[in-house]
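S.K.: Below you'll find the structure I mean.
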Amino acid sequence: MYARTTTIQADPTKIDAGIAPIREQTLPAVTSMEGCVGMSLLVDRQSGRCIATTAWESEAAMRDSAEQVRPLRDQAEQGLGASSSEVDMWEVAVVHRDHAIPDGACARVTWVGVADPSNADRILETYRMGVLPRLEELDGFCSASMLINRETGRGVGTVIFDGREQLEGSRDSAAKIRERATSEMGATVRDVAEFEVAFAHLHVPEMV
């Protein structure tokens, strides 16, 4: 399984208006493409940062969709009043769900990197064995995933909670988990951000 993420720096005043056409037009258009298994959108209404993710059955399907997706991405960026955007491609390495994502769910996203890309498997093993069991113990834990890019040695982990209260309440515990895990991985945390889950229609199977 593979994923394409588009990180958009939107105009915070246009996020509400921009979400609706993405859900009503972009989502069905993308998910009708060959090999697509869903789409999600995370938004930060204060900073304007948004992350749209599409999931694909294979790397070939993801790459073959690039030209079809481009005009849809342009429309979404225009609707959100985007000033910039960045597209990344990933391997979906870990997906674990405790229960379905409810309305009002929120997410914490952590970007990490290792100096030697050949250590990507070390990141995954530490995440599976050391991080995931501890995340499951957090109040309101809903799901977790890890995406990696083996060429660059980068990874991005997303943890979804039932709501804002649980997200905020987990900050201290999550920081301790993150500090311990990155030390074991030999990784560097590049960024941590929190988002609302605008929608999540991803039909990616359990992968642990």
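The values are calculated or read from the model by the stated rules, or taken from the named source; none is laboratory data. Just so we're clear, the structure is a prediction, and the values are computed from it rather than from any experiment. No Cβ is skipped: glycine too gets one built from the backbone with ideal geometry, and neighbour counts run over all protein chains shown.
S.K.: Pairs needed: first member in the stretch 1-19, on the phi < 0 side of the Ramachandran plot and hydroxyl-bearing (Ser, Thr, Tyr); second member anywhere, surrounded by fewer than 20 Cβ atoms within 10 Å (Cβ to Cβ) and not in a strand (DSSP E or B); C-beta distance under 7 Å; at least 6 residues apart or different chains.
M.R.: As it stands, the answer is 2/58; 2/59, since those pairs meet every condition given.
S.K.: Follow-up. Quick one: residue 13 ticks every box in (1) in a helix (DSSP H, G or I); (2) of a type in the set (Ser, Thr, Tyr); (3) crowded, with 18+ Cβ neighbours inside 10 Å except a single one, so which number is it?
M.R.: So the condition that residue 13 fails would be (3).
S.K.: Let me ask another. Do the conditions hold for residue 60, that is, is it small (Gly, Ala, Ser) and either touching a helix residue (DSSP H, G or I) at 6+ places or on another chain (Cβ under 6 Å) or outside any helix (DSSP H, G or I) (or both)? Reasoning before the result, please.
M.R.: Details: small (Gly, Ala, Ser): yes; either touching a helix residue (DSSP H, G or I) at 6+ places or on another chain (Cβ under 6 Å) or outside any helix (DSSP H, G or I) (or both): no.
Against the criterion (small (Gly, Ala, Ser) and either touching a helix residue (DSSP H, G or I) at 6+ places or on another chain (Cβ under 6 Å) or outside any helix (DSSP H, G or I) (or both)), residue 60 does not qualify.
S.K.: Of the residues in the stretch 22-43, how many are surrounded by fewer than 19 Cβ atoms within 10 Å (Cβ to Cβ), in contact (Cβ under 8 Å) with a residue 24 or more places away in the chain and at negative phi?
M.R.: Start the filter on the stretch 22-43 by keeping residues that are surrounded by fewer than 19 Cβ atoms within 10 Å (Cβ to Cβ), which leaves 23-25, 28-29, 31-35, 38.
Adding the requirement that they be in contact (Cβ under 8 Å) with a residue 24 or more places away in the chain leaves 23, 25, 29, 31, 33-35, 38.
Narrowing further to those that are at negative phi: 23, 25, 29, 31, 33-34.
Total meeting the criteria: 6.
S.K.: Restricting the stretch 104-129 to residues that are within 17 Å of the chain's Cα centre (by Cα) and assigned to a loop (DSSP other than H, G, I, E, B), which is modelled with the highest pLDDT?
M.R.: The residue in question is 105.
S.K.: Right, another one. Where the second residue is of a type in the set (S, T, N, Q) and the first is without any contact (Cβ under 8 Å) to a residue 60 or more places away in the chain and lies in the stretch 108-126, which pairs have Cβ atoms under 7 Å and are six or more apart or on separate chains?
M.R.: Close Cβ pairs satisfying both conditions: 117/152.
S.K.: Looking only at the stretch 130-186, filter to residues that are touching a residue at least 60 places away in the same chain (Cβ under 8 Å) and in a loop (DSSP other than H, G, I, E, B); which one of those is farthest from the chain's Cα centre (by Cα)?
M.R.: 186
S.K.: Can you name the number of the only condition in (1) under 22 Å from residue 41 (Cβ atoms); (2) surrounded by fewer than 20 Cβ atoms within 10 Å (Cβ to Cβ); (3) among the hydrophobic types (A, V, I, L, M, F, W, C) that residue 208 fails?
M.R.: For residue 208, the failing item is (1).
S.K.: All but one of (1) part of a strand (DSSP E or B); (2) buried (at least 20 other Cβ atoms within 10 Å of the Cβ) hold for residue 18; state the number of the condition that does not hold.
M.R.: (1)
S.K.: Then there is this: Is it the case that some residue within the stretch 79-99 is of a type outside the set (Lys, Arg), closer than 30 Å to residue 208 by Cα, surrounded by fewer than 19 Cβ atoms within 10 Å (Cβ to Cβ) and touching a Cys at 6+ places or on another chain (Cβ under 8 Å)?
M.R.: Within the stretch 79-99, one or more residues are of a type outside the set (Lys, Arg), closer than 30 Å to residue 208 by Cα, surrounded by fewer than 19 Cβ atoms within 10 Å (Cβ to Cβ) and touching a Cys at 6+ places or on another chain (Cβ under 8 Å).
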